[in-house]
2 protein chains.
Amino acid sequence: MEAFELLATDGRARRGRIRTARGDVETPAFMPVATQGTVKSLTPSDLVAAGAQMVLSNTYHLSLRPGHEVIRELGGLHRFMGWHGPILTDSGGFQVFSLSRLRKIGEDGVEFRSHVDGSLRFLSPEVCIEVQHALGADLIHPLDECLAHPAAELDTERSLALTLRWLRRCLDAHRRGPGAARLFGIVQGGAFERLRRRAVEETCALALDGYAIGGLAVGEPKALMYDLTELCAGLLPPDRPRYLMGVGKPQDLVESVARGVDLFDCVMPTRNARNGQAFTAEGPLVITHARFARDPAPLDPECRCEACGGFSRAYLRHLFMARELLAYRLLSLHNLTFYLGLMADMRRAIAEGSFAALRARLRDRYEVQFVAGSNSSADPEA
Amino acid sequence: MEAFELLATDGRARRGRIRTARGDVETPAFMPVATQGTVKSLTPSDLVAAGAQMVLSNTYHLSLRPGHEVIRELGGLHRFMGWHGPILTDSGGFQVFSLSRLRKIGEDGVEFRSHVDGSLRFLSPEVCIEVQHALGADLIHPLDECLAHPAAELDTERSLALTLRWLRRCLDAHRRGPGAARLFGIVQGGAFERLRRRAVEETCALALDGYAIGGLAVGEPKALMYDLTELCAGLLPPDRPRYLMGVGKPQDLVESVARGVDLFDCVMPTRNARNGQAFTAEGPLVITHARFARDPAPLDPECRCEACGGFSRAYLRHLFMARELLAYRLLSLHNLTFYLGLMADMRRAIAEGSFAALRARLRDRYEVQFVAGSNSSADPEA
């Protein structure tokens, strides 16, 4: 079975389908983030209602708590968390470099201290693949080194070389292992065109099932992120899915689809929900603002989610002011519904050949309004 | 329309029906507590799925935040919180005496400082009824003074007399006010049989739509609570519903139904859920215990709630250990399903004339096992 089917293109935007053992994913697609085996505050049936097709879970978090062996023993991550659609896992590398106290990084792998209990742990390319096999994820990733922006060219080149050596070890480990998972490659190379080109070339030489673009949304200017996304997507083979890791705002999703990206994940819809920010067709709003205290309208009159169907802004504001748990749940459900609806709109537009018009309309709407901060690497949901 | 229909009796246990403008409540019934206009972490549709017929909301909390005038302006509490079944509100008296910094208590009413913002507030019998009318509750309560146990007989008698004078003012205010709410009386009198008898007599002389038994579950020994419940229930008129306020554990519900009580509320199922305690057919369990770390069984194999249908104890334990919001939601849903199922079991047994057998079976099961603490008056959910 081919890993990916390209159904239509509209400019550089692509309408496709990722094939997994647990069902297809229509692309462009956005994955809600289930960091610790749960999309915070929501059940799997909420995710289905919101329109989710695939979720992302974090190898780093699950290997530390409850432990991948526990999850394997209980029948794998799908059964454990009650999500029966496809699951993509990252390699754990990004979290090791951003959340743990790093002890030592070498050719073999990374020694670090768990942020949960301070225990000493070791992550190598082989362990990384072994953990993802134990979880039973459908799409898995190789261990990569992640540098913060800005990094010097020489450091970036050394880091890329290590990532590429690790990738070959990951591929060997993956081939030796059990299961039907598909291994993606991760294209690093920092802010340097020369290194990005080398990364694409050497990664694609391994003929993997899909390609992630890594090392973006880590502090670089927005224009640079778009340029590097365009560069990488333009170099990647058309018959494989392209996944832009950790991106982003609604505007970023549209602009990246316009540059040929197929797959996204980001904690923004759920994390911002917990901070009171709702994404709406008219731009974002912060529900705690006093102007909503007596507002009988739903969060977003165009939205059909449970939060918008049953509750007023005044009520949701009350829940936030009173720190009621239901507040986080209802805004999370709404924001994911918004994100997943945006992806569905883009899929339809590409299929109809009207993506440029949709993009222009959304750009007018979002340009000024979406100003929320980018991913913070200090947040445990990242 | 009569406020109450008595359908069957079995010993002193009663199977009945409370009539409200928003539908009937089959009794014996348990009300989930929506302190701030939300049963913590759950939506109204969750409550329906769990079997809830009526919820309780707290006049004190809602009058301070968001304010009853805001709720009235938004169409009343039912529309505000999206719960379209009957709502019962308490008078706010219990919370004024237990949560606020009390400034002055006099014949007129109570001056206190809000626990939310420290502002100076005044609660009188007239204000208490006005607030409940503004909320649009279906069953409402008069302002009463609540004493902690133990209290001297003289103090209790003075307090009861004040409560009875306030009741008459509440009834006048209620009759002057708008709407279809039904006013219940609250029987106080502390631990003294003589005063309880007087309380029942003078309260019932006003021919109200139902009667609450107040001032129990406030620190007195369990045997005394049962005795006083039995005394009051035995004196109350058979053609009106009897509501035992703030009670209690599953065992208490069964024992109180056996003594003729029809209606209950308690924060225990939801508060204990948030502390990791699940009520099950085999007794309670604390989900964080290490023995559940690899347990693939649901919380309660006999339960049909969403938590038991989709998730293992191992997963729920993981959610708790990781402090995931979904943990509180799933255990709350389960515990309420358990409580409401217990009430349905009792209703069936009374109708069939098999309540004594059910009571004996449950007593064997619960006697030793249910040892969780009683209501804490310091908790804002109380």
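No value in this document is a laboratory result; all are computed from the given coordinates. Note that the structure is predicted; figures quoted are calculated from it, not measured. Cβ coordinates were reconstructed from backbone atoms using ideal geometry, including for glycine residues, and neighbour counts include every protein chain displayed.
Details
- Relative contact order, percent, the range A:273-366 [alpha-carbon distance under 8 Å, six or more residues apart]: 28 percent
- Those residues of the range A:175-192 whose amide nitrogen sits under 11 Å from the label point placed on A:GLU107, 7 Å along Cα→Cβ: none
- Average Cα contact separation per residue, the range A:241-323, under 8 Å, 6 or more apart, as relative contact order %: 21 percent
- A simple rule links phi to the HN-Hα coupling: the Karplus curve 6.51 cos²θ - 1.76 cosθ + 1.60 with θ = phi - 60°, which for the range A:332-340 gives 4, 4, 5, 5, 5, 4, 5, 4, 6 Hz, with x for Gly and Pro.
- Dipole size of chain A about its Cα centre, with +1 on Lys/Arg Cβ and -1 on Asp/Glu Cβ: approximately 520 debye, rounded to the nearest 20.
- Zone residues, the range B:28-63, relative to B:ARG365, backbone N less than 18 Å from point 7 Å out along Cα-to-Cβ: B:28-30, B:51
- Residue mean of other protein chain beta carbons inside 10 Å, B:303-310: 2
- Sorted shortest first, the separations between the A:PRO178 label point and its copies elsewhere in the assembly read 6.8 nm; each point sits 7 Å from Cα along the Cα-to-Cβ line.
- For the protein assembly as shown, lysine pairs separated by 8 or more sequence positions, or belonging to different chains, with Cα-Cα distances below 22 Å total 5.
- With the simple model of a label 7 Å out from the Cα in the direction of the Cβ, A:TYR226 to A:GLU302 spans 2.0 nm.
- Using the Cβ-Cβ distance between B:ARG165 and B:ARG65 with R0 = 30 Å, the FRET efficiency computed as 1/(1 + (r/R0)^6) comes to roughly 0.50.
- DSSP beta bridge pairing in the protein assembly as shown, given as percent antiparallel to the nearest 5: 50 percent
- Residues whose amide H comes within less than 5 Å of that of B:ILE186, counting only those at least five positions distant or on another chain, are B:ALA212 (H built at 1.01 Å from N in the peptide plane).
- On Cα atoms only, tilt of B:222-235 relative to the major axis of chain B in degrees: 50 degrees
- Ranking A:ALA327, A:THR9, A:GLY353 by how far each Cα lies toward the positive end of the dipole of chain A (charges on Cβ) leaves A:ALA327 at the top.
- Length-normalised contact order of chain A in % [C-alpha pairs under 8 Å, at least 6 apart]: 18 percent
- For B:SER45, inter-copy label distances in nm, listed shortest first [label point 7 Å out on the Cα-Cβ vector]: 0.9
- Ascending list, in nanometres, of distances separating the A:GLY118 label from those of the other copies (7 Å, Cα toward Cβ): 3.7
- Remark on A:GLY246: its backbone amide H falls under 5 Å from those of A:ASP265, a criterion applied only to residues 5 or more positions apart or on other chains, H modelled at 1.01 Å from N.
- Within the range B:4-266, percent of DSSP bridges classed antiparallel, to nearest 5: 50 percent
- Shielding by partners - mean other protein chain Cβ count within 10 Å, residues of B:319-326: 6
- Karplus 3J(HN,Hα) series, Hz, for the range B:197-209 with 6.51 cos²θ - 1.76 cosθ + 1.60 (x for Gly, Pro): 4, 5, 4, 4, 4, 6, 6, 5, 4, 8, 6, 7, 7
- Rounded to whole Å, the principal axis extents of the Cα atoms in the range B:4-266 read 46, 44, 34, largest first.
- Residue ranges B:13-20, A:294-301, A:274-281 sort as B:13-20, A:274-281, A:294-301 when ordered by packing (mean number of other C-beta atoms within 10 Å per residue, highest first).
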